[in-house]
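These notes concern the structure reproduced below.
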Amino acid sequence: MQGLLCGACCFGLGALPILSDAETRSISAENPTGEKGKGAMAIPDEKSPASNLGVGWKVRPCITLKAESTTTLADIKGSGIVQHIWITVDARAYRDCILRFYWDDETAPSVEVPLGDFFCNGHGLRYNVNSLPISVNPSGGFNCYFPMPFRRRALITIENQRWEDIGGFFYQITYALTDVSDNAAYFHAQWRRSMTRREHPEHIILDGVVGQGHYVGTFIAWTQLSNGWWGEGEVKFYIDGDTDYPTICGTGTEDYFGGAWGFGGQTYCTPFLGYPLYRKEPGEVPRHALYRWHICDPIRFKHDLKVTIQALGWYPNGKYQPLTDDIASVAYWYQTEPHAQFPPMPPICDRWSR
């Protein structure tokens, strides 16, 4: 009971008065190492807007992501928790740049997701999201509040796979240097994309997970390739050895994302569930974006986990119609390390949505 009360306290303001020996640090273009007393040290040249002000003003607020190269955003030594990530950049980077997070010197990333999709901006499009762990504010201000513990090192990189430089990349990564509890798991996120088939209209959100942990969120960027209703399919969780039949089975796509009856033609954002995007411009196919955070109801597993979603509509005769739709997803979860190898990230041309 005490643990539950403490957890509830952390969701509100009750924990704010509690003192801690943690040390707060923040990495940005103005302090790339996050070291104490090392911010705002860039020296302006004569072309800088701060040339008439000198050192200590707004000299280096952003960086350029070089074409076809990887940039290290944060390399933190020691024990701590990443608490907040803020990023903004031109929308060209949303599908063409890959975020990767590595914990404790692992060689394979625990997070590997296109930049925009990680922050629930799918399809390479910019739109607002108002939820508890992910917030996207006007215009294109990406925020993530998922706590990400590490015990020896945290390495965060971004790879620009475009053929051109992307300038104006602004970022800030705030973290606490502190001891991490032995029972704290590591944050993971994985992106997948598939074209569902009429013979088996199912998209795999997550599979191959090995270890103990809990699933905490789903983001879907759904491209509709036929007319009519598209969200009759169920979300299924296969837990700890489930094979043909899942332990957890929902009742429909809009139901899993907290809506009902085809969303009533409306979009919405709430702290834990949302449908922030429905877009159908002239000459376009319909596109949707949806999120579901299992923060108050994490899906716990001890050995393995698989998560799927079906693509179903309706035939005129009242039977389910298997759909051939383009579905991209991000799965968010915590687990013990080591984690299983992720599927290869599709090349840049297989991530474009236009």
Examine segment 157-166 for a residue that is without any contact (Cβ under 8 Å) to a residue 40 or more places away in the chain and at negative phi, and state whether such a residue exists.
no
Residues (in a loop (DSSP other than H, G, I, E, B), farther than 18 Å from residue 150 by Cβ and touching an Asp or Glu at 6+ places or on another chain (Cβ under 9 Å)) located in segment 179-222
196, 201
Going through segment 116-142 in order, the residues found to be part of a loop (DSSP other than H, G, I, E, B) and not hydrophobic (A, V, I, L, M, F, W, C) are 121, 122, 123, 124, 126, 127, 128, 131, 133, 138, 139, 140
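State whether one or more residues within segment 270-291 are over 20 Å from residue 327 (Cα atoms) and modelled with pLDDT under 95. Walk me through how you get there before you give the answer.
Taking segment 270-291 as the starting set, the residues that turn out to be over 20 Å from residue 327 (Cα atoms) are 270-272, 282.
So of that shortlist, the ones also modelled with pLDDT under 95 come out as 282.
Looking through segment 270-291, at least one residue is over 20 Å from residue 327 (Cα atoms) and modelled with pLDDT under 95.
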Kindly list the number of the only condition in (1) outside any strand (DSSP E or B); (2) closer than 30 Å to residue 125 by Cβ; (3) touching a residue at least 60 places away in the same chain (Cβ under 8 Å) that fails for residue 73.
(1)
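Have a look at 8, 29, 93, 67 and point out the one that is among the aliphatic types (A, V, I, L, M) and at pLDDT below 95. Spell out the reasoning first.
Values: 29 fails: at pLDDT below 95; 93 fails: at pLDDT below 95; 67 fails: at pLDDT below 95.
Of the residues listed, the single one that is among the aliphatic types (A, V, I, L, M) and at pLDDT below 95 is 8.
Condition check ((1) without any contact (Cβ under 8 Å) to a residue 12 or more places away in the chain; (2) more than 27 Å from residue 319 (Cβ to Cβ); (3) part of a strand (DSSP E or B)) across all residues:
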{"position": "225", "(1), (2), (3)": "no, no, no"}
{"position": "241", "(1), (2), (3)": "no, yes, no"}
{"position": "254", "(1), (2), (3)": "no, no, no"}
{"position": "264", "(1), (2), (3)": "yes, no, no"}
{"position": "276", "(1), (2), (3)": "no, yes, yes"}
{"position": "282", "(1), (2), (3)": "yes, yes, no"}
Return yes when residue 14 is modelled with pLDDT of 95 or more and not charged (D, E, K, R) and no when it is not.
no
Kindly indicate whether residue 143 is touching a strand residue (DSSP E or B) at 6+ places or on another chain (Cβ under 6 Å) and either of a type in the set (Asp, Glu) or modelled with pLDDT of 95 or more (or both).
yes
Residues in segment 186-222 that are closer than 24 Å to residue 135 by Cβ and either β-branched (Val, Ile, Thr) or more than 17 Å from the chain's Cα centre (by Cα) (or both) total 4
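The values are calculated or read from the model by the stated rules, or taken from the named source; none is laboratory data. Being a predicted model, the structure only gives us computed values, none of them experimental. We place every Cβ from the backbone using ideal geometry, glycine too, and count neighbours over all the protein chains shown.
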